[in-house]
Amino acid sequence: MTWTVVTAAVLVIIAILGGALYRQRRLNQNLRSQLEAAAANLEKLQQACSRLAPAGVVQRLIADDVQPGTGPKAERKVATALFVDLVGFTAMSERLEPAVLARVLDGYYQRMSDAIDEHRGQVGSFVGDGIVAYFGATQPNPWQCDDAVRAALAMRAAIDEYNGELDREGLPRLSIGIGIDRGPGLAGLMGSRDRKEYAFIGRSVNIAARVQALTRIHQVDILVTETVRDDLDPGFVLVPMPAEPIKGLTKPVMTYAVRRRSTGREPAVG
Amino acid sequence: MASALDHVAWEACLLDPRRDRALESYARRKMGMPVPSIRYFTSVPWFARALIDLHPEYGLLMHLDQHTADVLTLVVSQENSCRFCYAAQRALLWAQGMSEARIQRVEQNLSRADLVPRTVAAIAFGRSQSRVGPAGAQEALQALRRAGFSDDEMKEIAFTVATTDFLNRAFSIPAIPSRPLEQMPEQMHMRLLRPLINRVLQRHRFRGRATPLERLPSYPYVRLVKAYAGSPIAPALGQTIEEMWASSHLTRRCKLLMLAVVARGLGCQVCAFEVSEALQREGLHEPTLTQVLTHLDAPDLDVLERLLVRFARDTIWFEPAALQRRTRGLRDYLSGPQLLEAIGVASLANGLCRLGAMVMGHS
């Protein structure tokens with residue numbers, strides 16, 4: 001009789017422990033799958049964020065455990081700013097269906113961004129149909145002027161190729177104007193407490209935008225300032241343009257149209 | 001085993017593995033177990049040996065505690081997005097008996113402020129050297145001193161960071177497959193062998209002992225090697241540099257040009273000066289050197305030099321997949337051993353220039 005009771009009690013205890021263990025394992029499994037789902041979401045979020053800031057900036061913010069409202073200090077740097085804009089965009093936007101216009105613009109943004117990335121630049125922001133890019137803002141780059149001009153030449157080639165595709169679809173061709181200037185500024189995450197973006201702020205960004213506007217006057221597609229010319233590889237073929245006044249500067253500005261690179265010595269790699 | 005670098009894009013490997021029994025047994029003797037990745041590097045023996053001889057786990061550190069060295073390796077590999085080295089370091093922690101959960105806690109702790117100040121300072125130093133290079137060296141060294149590190153420990157921290165920068169590039173540029181290491185903890189036979197692997201690893205990971213510096217390498221980098229006199233780091237570093245110069249797949253001038261470009265890109269004045277002097281001894285005129293350093297091109301350069309100065313520049317700051325794609329393009333112009341030697345020289349240049357700024361500026 002006693003044995004029966006003891007056996008029954010042991011069985012009950014084993015059953016209770018077994019049940020508890022089973023519940024605990026299920027709970028653990030549940031928590032693990034939640035954790036994995038959270039990690040996957042975080043991963044997606046990180047990938048989405050990396051489209052909003054230069055490559056590496058998001059990873060660094062995460063690695064440094066940067067809290068909302070704080071951020072790495074902005075630093076003084078000398079960087080090269082490139083501003084590219086579509087010529088005649090307003091007229092084109094009135095003629096095309098919104099869906100078609102959006103597709104054409106996406107193709108343009110992608111090709112311009114690829115050319116900038118390929119030459120170690122960072123896309124700062126899209127301003128309407130314009131793009132601001134920086135060279136040497138996130139990491140030291142003593143070759144930033146050459147990089148910016150190479151990127152501009154790659155953009156020219158990319159637009160030519162894109163125009164071929166647009167022709168085949170019966171869509172209007174695109175043309176671009178590019179302005180490049182170099183100078184000191186402040187680089188880092190900037191903005192309000194709730195919304196920040198990685199930016200390079202300095203006079204050279206404004207000058208690049210205004211030099212870009214001069215491409216319409218001089219009927220060329222790539223213009224650089226004297227500061228850029230002084231640092232540029234002599235292999236680039238430049239043509240001096242007449243000095244023009246630009247807003248914010250007292251003296252007229254000398255600019256140089258970039259034709260091409262004269263030497264064909266470099267094998268194309270990558 | 002999910003890791004923080006799972007999302008890092010990694011191209012197909014650029015190199016073909018080739019067996020070399022002598023090198024494989026050298027690696028096995030030194031590290032205690034087969035090192036399959038060494039087969040990718042056997043066509044340039046100095047490079048393969050450097051991967052083993054400069055590894056900070058095996059008898060090179062006399063003063064710095066192993067935990068700080070392990071954390072630094074993990075942090076720098078994370079900064080450089082080297083999937084291979086990160087997976088190797090994780091596999092090492094796993095083999096030492098750490099659970100996946102504990103490894104993840106270690107990774108999460110790398111960014112937490114409640115670590116002991118010494119570890120925080122060491123992590124900050126590793127990050128700053130990988131991100132900004134020599135420009136931030138003095139400030140980061142001051143932080144290490146404030147955290148209580150001795151001069152000898154600081155030199156070993158600098159070496160650990162620089163050698164990890166070298167190893168990261170050596171494995172990242174040719175996209176050495178990381179999957180076997182990442183999958184190791186999931187394989188049943190590896191789980192069964194785990195205690196044995198741990199014992200072997202423990203036996204082969206040993207502290208360095210004072211070692212006299214018997215031979216100095218030829219100029220440049222003599223000062224750098226001398227800065228480690230008395231430590232086993234000095235002969236290891238000296239021998240690697242000497243063997244690199246002696247290898248004939250690329251000319252000495254081409255290697256010096258690559259070193260000069262990396263020194264210029266990182267802004268390391270000390271290395272730039274020494275390498276420039278060495279280039280002038282090779283007969284390169286100063287205007288040509290100035291033009292190369294300013295524009296990565298000059299009429300006096302041959303096709304190979306022109307390609308490799310640009311390649312060297314690409315290795316200073318990089319996204320692994322983009323650099324791997326660019327390096328693949330070089331295969332049309334370089335033989336297999338030339339390409340591998342170029343990867344070795346560029347990787348070593350990045351390590352040496354960072355180390356030069358940290359140690360020579362410091363001493």
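Taken together, the values in this text are just the output of simple stated rules run on the coordinates, not laboratory data. Just so it is clear, the structure is predicted and the values come from calculations on it, not from any experiment. Neighbour counts run over all protein chains shown; Cβ positions are idealised from the backbone, glycine included.
Convex hull volume of the Cα atoms of segment B:21-204, normalised per residue: 119 Å³.
Per residue, the convex hull spanned by the Cα atoms of segment A:68-214 measures out at 115 cubic angstrom. Around the amide H of residue B:297, modelled in the peptide plane, lie the amide H atoms of B:292, all under 5 Å away and 5 or more residues distant in sequence or on another chain. Exposure proxy for B:130, B:172: other Cβ atoms within 10 Å of each Cβ, ordered fewest to most, give B:130, B:172.
Computed per residue of the protein assembly as shown from DSSP H runs no shorter than four, each worth -39500 (n - 2.57), the mean residue ellipticity at 222 nm is -18500 deg cm²/dmol. Computing Rg and the Kirkwood Rh from the Cα coordinates of segment B:134-191 gives a ratio, Rg/Rh, of 1.21. Each label was represented as a point 7 Å from its Cα along the Cα-to-Cβ direction; for residue A:203 and residue A:175 these points are 3.2 nm apart.
FRET efficiency for the residue B:286 to residue A:13 pair, using the beta carbon distance and R₀ = 60 Å, is estimated at 0.10.
Starting from the alpha-carbon convex hull of the protein assembly as shown, give the projected area averaged over all orientations, in nm².
Details: hull surface 147.9 nm².
Its Cα hull, projected and averaged over all orientations, spans 37.0 nm².
For segment A:185-270, trypsin sites (Lys or Arg not before Pro) meeting the loop criterion (DSSP other than H, G, I, E, B) and having at most 15 other Cβ atoms within 10 Å: A:193, A:195, A:247, A:265. If I fit a long axis through the Cα atoms of helix B:21-31 and take the longest principal axis of the Cα atoms of chain B, what angle between them do I get, 0 to 90°, rounded to 10? Long axis of B:21-31 versus the principal axis of chain B: about 50 degrees. Taking the square roots of 5 times each eigenvalue of the Cα gyration tensor of segment B:202-277, largest first, gives ellipsoid semi-axes of 26, 15, 12 Å. Panel order for B:244, B:184, B:358, by other beta carbons found within 10 Å of each beta carbon, from fewest to most: B:184, B:244, B:358.
Suppose R0 equals 22 Å. What FRET efficiency, 1/(1 + (r/R0)^6) with r the Cβ-Cβ distance, do residue A:259 and residue A:161 give to the nearest 0.05?
Values: r = 19 Å, r/R0 = 0.85.
With a Förster radius of 22 Å, E is 0.70.
The loop-placed GluC sites (Glu not before Pro) in segment B:202-263, going by DSSP, that have at most 15 neighbouring Cβ atoms within 10 Å of their Cβ come out as B:214.
Other residues whose C-beta falls under 12 angstrom from the C-beta of residue B:149 contribute a net charge of -1, scoring Lys and Arg +1 and Asp and Glu -1.
So how strong a dipole does segment B:21-204 carry about its Cα centre when Lys and Arg Cβ are +1 and Asp and Glu Cβ are -1, to the nearest 20 debye? Each step should come with its number before you reach the end.
Values: 23 positive and 17 negative charges, 113 e Å.
Charge dipole of segment B:21-204: 540 debye, to the nearest 20.
In degrees, nearest 10, range 0 to 90: what is the angle between the Cα axis of helix B:137-146 and the longest Cα principal axis of chain B? Orientation of helix B:137-146: about 40 degrees from the principal axis.
Can you give the mean number of other chain Cβ atoms that lie within 10 Å of the Cβ atoms in peptide B:287-296?
Numbers: counts 0, 0, 0, 0, 3, 0, 2, 8, 10, 6.
Partner Cβ neighbours, averaged per residue: 3.
A full extension of the chain between residue B:150 and residue B:300 corresponds to an added length of 49.3 nm, given 0.36 nm per residue minus the alpha carbon distance.
Could you work out the Rg to Rh ratio of segment B:1-98, with Rh taken as the Kirkwood radius (inverse of the mean 1/r over all Cα pairs)? Write out the running numbers ahead of the final one.
Numbers: Rg = 14.4 Å, Rh = 14.9 Å.
With Rg and the Kirkwood Rh in hand, the quotient comes to 0.97.
Mean projected area of the Cα convex hull of chain B, taken over all directions, amounts to 16.9 nm².
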